[in-house]
Amino acid sequence: MIVMSDSVGDGKLEVKQASKEVKESENVAEKYSAMTVSKNTDMNVGELSAAFTAVPTHKSVKKQIQFANPEEKQEFSKFPTKAGRRSLSRSISQSSTDSYSSAASYTDSSDDETSPRDKTQANSKSSSDFCVKNIKQAEFGRREIEIAEQDMSALISLRKRAQGEKPLAGAKIVGCTHITAQTAVLIETLVALGAECRWTACNIYSTQNEVAAALSESGVAVFAWKGESEDDFWWCIDRCVNMEGWQANMILDDGGDLTHWVYKKYPNVFKKIRGIVEESVTGVHRLYQLSKAGKLCVPAMNVNDSVTKQKFDNLYCCRESILDGLKRTTDVMFGGKQVAVCGYGEVGKGCCTALKALGAIVCITEIDPICALQACMDGFKVVKLNEVIRQVDVIITCTGNKNVVTRDQLDRMKNGCIVCNMGHSNTEIDVASLRTPELTWERVRSQVDHVIWPDGKRVVLLAEGRLLNLSCSTVPTFVLSITATTQALALIELYNAPEGRYKQDVYLLPKKMDEYVASLHLPTFDAHLTELSDEQAKYLGLNKNGPFKPNYYRY
């Protein structure tokens, strides 16, 4: 089990980096980073803008949908009945597909109750090597992807720079991430760089069905849909891995479930993997466990603890998306509300900043004295959850641990308390303990359940304890561009590394690569870096082109 806090990502993971990093001149980042800080930069804002003039803009939001006949309009307007929405006997898959996806996806209500596993579908190329909700939604999904591309200019820039060389030619990548429009831009970038990809979802609620359809139409084998059951989840992973005549040699994972499945079910495939790229605290911890036990037989790249992931995706993304998820699901007003945030790592910091700005009274629970002291200095009271469990209006977990909120604490919460999770894993809230005969579950809207106690007390549980922002709302595209670019470079680095550069262990991204990812995103803000003079560089003992900070530097 995972016994780890998100907050310890910077301080407690023992990373063998300094002795294992490649020479900077050999890094993939060095290969593509001529533009980073030199005066002779070959990319500027104008060129980035020009690169996107071919991407169509869409004004369809102002147009009304035209229907050929009244029957079509009636079908489009059809919603599930009240009884259907609140049926307690439906499966997870059924109860979660009567709604919009994480990005207000188009939903064809006529086939909501049919499992994609029971359908026979084919794309325009007559291929049926995929399993999505409805392949007919591909055109709508393509528009979603095109919109996302416009705010992911750095990743598109990397695609344009490297696709001529095809640095991933021969790579067979099996991926398990959230399947959204932003992830689709990453997947199509990997394909443009020469890779063959098969993909599944790391979360049963976060898939945008129309985006999955668009990827399947383009030839990527996708096995995912919004509202999968647990059995569907593992079936989709297996279908991605177990394909006759196709064997993965790279893994891109978010949470470690795919890596775990290949390790347990297909050990011969696992031994032939050339590299694993993992982006979540949960998945990274599982990799370190394998490494410590001497069972990790392939090199792995820890993207979660890269600077560009920790300081941007974890912090800034959660700062904006936590409110989006809570507002969409509960319509709650936060001014004066008492909120307990469990964990003050980068995710917790982002959540607390947003909630405090709206006037919420925020307290923190922490196991790490350094993070606890940071919370105190930021003006938050640090408490034990049991001390405030009867008073708080909202509880948000973001630790990566298990049983952060227990059944005993759920029993003592006030009526109407909102409970949700912003960590990757669904183990932080003891949801399993709530599935007992004396408690009644009432689905009141998409991803919102009222758990009702015998005395009438209700606790509002969001996304059944799974990741709130991607299950119930959307996340900022620009921030995901930073993470996606980091993932792409990590895959290129591991795949092209000469034998012996990386051993059977877990590595952090080289500092130069982190700086390159950041530099690719600066033109969006028309930012201009100051350059060191020769004298200044000599004084600091630095290369003028970086890296500019030592490996031990804490940003």
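The values are calculated or read from the model by the stated rules, or taken from the named source; none is laboratory data. As the structure is a prediction and not an experimental result, all values here were calculated from the model. Virtual Cβ from ideal backbone geometry, glycine too; neighbours counted across all protein chains shown. For accessibility, only protein heavy atoms count, side chains too; no ligands or nucleic acids. Shrake-Rupley method; radii C 1.70, N 1.55, O 1.52, S 1.80 Å.
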Unit Cα scatterers, Debye sum, segment 113-240: log10 I(q)/I(0) for q = 0.17, 0.21 Å⁻¹: -0.83, -1.21
Accessible-area order (highest first, 1.4 angstrom probe) of the listed residues T486, T440: T440, T486
Pairwise FRET efficiency - N268 versus A293, Cβ, R0 = 22 Å, nearest 0.05: 0.70
Equivalent-ellipsoid semi-axes of segment 214-370, from the Cα gyration tensor, Å, largest first: 36, 21, 13
Which listed pairs, of K265/K292; K226/K384; K402/K549; K349/K503; K160/K311; K265/K349, have C-alpha distances above 31 Å, in listed order: K226/K384; K402/K549; K349/K503; K265/K349
Rg/Rh (Cα only; Kirkwood hydrodynamic radius) as it applies to segment 259-332: 1.16
Global form of segment 407-555, assessed from the alpha-carbon gyration tensor, a/c cut-off 1.5: prolate
Solvent exposure of segment 395-453 as accessible area per residue, Å², 1.4 Å probe: 33
Listed peptides 401-410, 214-223 by packing density, highest first (mean Cβ within 10 Å): 214-223, 401-410
Area accessible to solvent at Y502, 1.4 Å probe radius, in Å²: 30
For segment 370-438: rounded, prolate or oblate by the Cα gyration tensor [a/c cutoff 1.5]: oblate
Accessible surface, per residue, of segment 508-555 when the full set of protein chains is kept, probe 1.4 Å, Å²: 65
Computed accessible area, D324, all protein chains, 1.4 angstrom probe, square angstrom: 40
For segment 471-555: rounded, prolate or oblate by the Cα gyration tensor [a/c cutoff 1.5]: oblate
Heavy-atom accessible surface of segment 339-466: percent carbon and sulfur, 1.4 Å: 55
Simple spin-label estimate for V332 and D505 in nanometres, 7 Å along Cα-Cβ: 4.4
Sequence of M413, M333 when ordered by accessible area, the most exposed leading, probe 1.4 angstrom: M333, M413
Accessible solvent surface per residue of segment 159-267, calculated while the other protein chains remain in place, 1.4 angstrom probe, Å²: 27
Calculated from backbone phi, Karplus (6.51, -1.76, 1.60) coupling profile of segment 274-286 in Hz, x at Gly/Pro: 8, x, 10, 10, 10, 10, 10, 5, 5, x, 5, 4, 5
